[in-house]
Amino acid sequence: MTEAEQKINSFLVDVFNDVLRLEEDDLARGPYKNLSVSEMHVLEAVDSAAGGETMRELAARLRVTASTLTVAVKTLEQKGYLVRARAEEDRRKVTVTLTEAARGALERHAAFHEKLVDRVSRRLTPAQMDQLADTLAALHGFFTDIQ
């Protein structure tokens, strides 16, 4: 690897680990201590589907197996964050919906992300923010393409 490639590699690993640690710390300090970052991401995926996806579709979107998602959903259901139900039109299909507790957790998590972006934006000029947004969009596109 070139020196630039080594810097990029270190940066990607460090940023990933830093954001993960910040998310874990925020969850541990707040009222949703019983949620892991992975569980929060499952709740976010369910929320973005707005109750319109089956477990199989949700697993595909999260890029996990149906059995992995089933374990996570059962745990979240036991914790009071999700409700599973059989689809009326096809009893073989299972859908999941958020509880009020899940909505509260998602609101707090969204506030965490807003605070994180706010802290970054206070250190950058508007032009730097635009450049960062463009660069991150390109990076996201790259990761999407290689999946």
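The values are calculated or read from the model by the stated rules, or taken from the named source; none is laboratory data. A quick note: this is a predicted structure, and the numbers were derived from the prediction, not measured. Here the Cβ is made from the backbone with ideal geometry for all residues, glycine too, and neighbour counts use every protein chain on show.
Quick one: in the range 82-119, of everything that is of a type in the set (Val, Ile, Thr) and touching a residue at least 12 places away in the same chain (Cβ under 8 Å), which residue is farthest from residue 25 (Cα to Cα)? Working first, answer last.
Kept after step one, since they are of a type in the set (Val, Ile, Thr), are these residues of the range 82-119: 83, 94-97, 99, 117.
With touching a residue at least 12 places away in the same chain (Cβ under 8 Å) added as a condition, the list becomes 83, 94-97, 99.
Details: 83: 27, 94: 33, 95: 31, 96: 27, 97: 26, 99: 23 Å.
Top of the filtered list is 94.
Among residues belonging to the range 6-39 that are under 20 Å from residue 78 (Cα atoms) and among the hydroxyl-bearing types (Ser, Thr, Tyr), point out the one that is surrounded by the most Cβ atoms within 10 Å (Cβ to Cβ). Here the residue is 32.
A single entry from 66, 50 fulfils the requirement of being over 17 Å from the mean Cα position of the chain (by Cα), without any contact (Cβ under 8 Å) to a residue 40 or more places away in the chain and either under 30 Å from residue 92 (Cα atoms) or surrounded by 14 or more Cβ atoms within 10 Å (Cβ to Cβ) (or both): 66.
Does residue 26 meet the test of being in contact with a strand residue (DSSP E or B) (Cβ under 9 Å, 6 or more places away or on another chain), of a type outside the set (S, T, N, Q), modelled with pLDDT under 95 and farther than 19 Å from residue 136 by Cα?
On the way: in contact with a strand residue (DSSP E or B) (Cβ under 9 Å, 6 or more places away or on another chain): no; of a type outside the set (S, T, N, Q): yes; modelled with pLDDT under 95: yes; farther than 19 Å from residue 136 by Cα: yes.
When the stated conditions are applied, residue 26 does not pass them.
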